[in-house]
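Only the coordinates and a few stated rules stand behind these numbers; no lab work does. Here the structure is a predicted model, which is why all the values come from computation and not from measurement. Neighbour counts are summed over all protein chains in view; Cβ atoms, including those assigned to glycine, are modelled from backbone coordinates with ideal geometry.
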Amino acid sequence: MVFLKALIGLLIPITALASLHSVNTERILPAAHLTIPRAAHSATKLPNGKVLIAGGCVADGCEREVTNTAEVFDSTSGVFSRVGNMTTARVGHQAILLKTGLVLIVGGWTGQNTTAKAELFDFKTGQFTFVGNMLQERDGFTATRLQDGRILIAGGYRGAIQRLIDAEIFDPTTNQFMRVGNMNSPRMAHSAALLSDGRVLIVGGSQAKGRVVASAEIFDPTDNLFSIVSNMNVPQHKQAAVSLEDTRVLIVGGANSNDFTGQYTTTEIFDTKTYRFTSSGNMNVARFKISDSVVQLQNGQVLIAGSDRQAEVFDPDTNTFRLVQGEFDAERAYMTATRLDDGSVLIVGGYDSSIRVTDRTWLYTTK
């Protein structure tokens, strides 16, 4: 018995040391350069483990210089290589892997106007094919793959300023877009997260210039309708939302109507049992424009990158945030973060506070 107690006493510090070692070895490392600079592009993990990087703005200012080019990252070789061009140049679009293995790319800004054009990427051929038009041209929207494989497309804006209240669904079995019920509020630069029961949580966004909202609603795919839930604690847009393994949803970053000077360190948790938002502590730094640079890790924790030189990780067991060793070259917005098969995360591109676009990429790793 004495020996057993002594052995248990030894195991406890060994386990603690192992956990500490795991935390201390996580870091951000430079990776290969893109073939061209990109920001507000899309990044989609393919069935073969590679990552498709498509579109984005490619020149400083990030308004007129928009590309239709695409490239693929191969984690085995660690390099990027070009594939076929998209049929439409676009930035701020959405790219979603379908259950068929194809990638649906929709909407965005062409450099001159918003677009309704949609296309499919086939990783086997490396080519894009025009598939039709959405029912509404839009940018600043969300696209979420439902459990049945359909894609919910909600909100955004068209033209220069018109915020959208409508939603539509893409059916990959027919390659058709179908209108569904409107949201309860128009919104753009909002966030969406797929819940464990198959519904979709929609949070925040702006309803008009200078008017950022705290409202939230849930889309139910069984009747294609949206229903209002309680408000978030603060109005925010340009934030990120990610579903946790315990069915909660983490809302991080974002800003109020002051944008750059109104960035938040505060975070919130949506409880799917109570339908309410509660504070979940503060990040180490304020962040916004991070909708595509927040990703769940293999261990259930959440990596948060962008809008600062350092990344951080959220631990849902303790509701705490920790900074990750290593730095980006600047406080870059509209980066993308994609988890690879080995558990590392590819972090790509973005622009700095002077809207200068980069071809730099990084890897989050624990090795």
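Contact order, relative form, for segment 151-235: 22 percent (alpha carbon pairs under 8 Å, 6 or more residues apart, mean separation divided by residue count).
Using alpha carbons only, how many degrees (0 to 90, rounded to 10) separate the axis of helix 2-25 from the longest principal axis of the chain? Relative to the chain, helix 2-25 is tipped by roughly 30 degrees.
Pairwise inverse Cα distances across segment 274-367, averaged and inverted, put the Kirkwood hydrodynamic radius at 13.7 Å. The modelled label-to-label distance for the pair T100/Q298, using points 7 Å beyond Cα in the direction of Cβ, is 3.2 nm.
Listed by chain and number, the lysines placed with their C-alpha closer than 16 angstrom to that of K45 are K99, K124; residues fewer than eight positions away on the same chain are left out. Calculated mean residue ellipticity at 222 nm for the chain: -2500 deg cm²/dmol, from DSSP H runs with n ≥ 4 weighted as -39500 (n - 2.57), summed, divided by the residue count and rounded to 500. The ellipsoid equivalent to the alpha-carbon distribution of segment 126-202 has semi-axes of 19, 18, 11 angstrom, derived from the gyration tensor eigenvalues as √(5λ) and listed largest first. Judged by the mean number of other Cβ atoms found within 10 Å, the most tightly packed of the peptides 257-266, 28-37, 133-142, 153-162 leads the ranking 133-142, 153-162, 28-37, 257-266. Mean projected area of the convex hull spanned by the Cα atoms of segment 170-298, taken over all viewing directions: 8.9 nm². Taking every C-alpha pair closer than 8 Å and separated by at least 6 residues, the mean separation divided by the residue count of the chain gives a relative contact order of 14 percent. Taking a straight Cα-Cα cut-off under 18 Å and skipping sequence neighbours fewer than 8 places away in the same chain, the aspartates and glutamates within cross-link reach of K367 are E26, E312, E327, D341, D342. Convex hull volume per residue, computed on the Cα atoms of segment 36-131, equals 80 Å³.
Peptides 343-350, 295-302, 182-189 ordered by packing proxy, namely the average of other Cβ atoms within 10 Å per residue, highest first: 343-350, 182-189, 295-302.
What shape does segment 140-182 take by its C-alpha gyration tensor, where a ≥ b ≥ c are the square roots of the eigenvalues and a/c under 1.5 counts as rounded, a/b above b/c as prolate, and the rest as oblate? Verdict is prolate for segment 140-182. What the Cβ-Cβ distance of V79 and I228 gives, at R0 = 51 Å and to the nearest 0.05, is a FRET efficiency of 0.60. Placing dummy labels 7 Å off each Cα toward the beta-carbon, the span from N48 to A160 is 4.5 nm. Quick one: P(r) of the chain from all Cα-Cα pairs, 20 Å bins, percents rounded to integers, in order of increasing distance. It works out to 30, 59, 9, 1, in whole percents.
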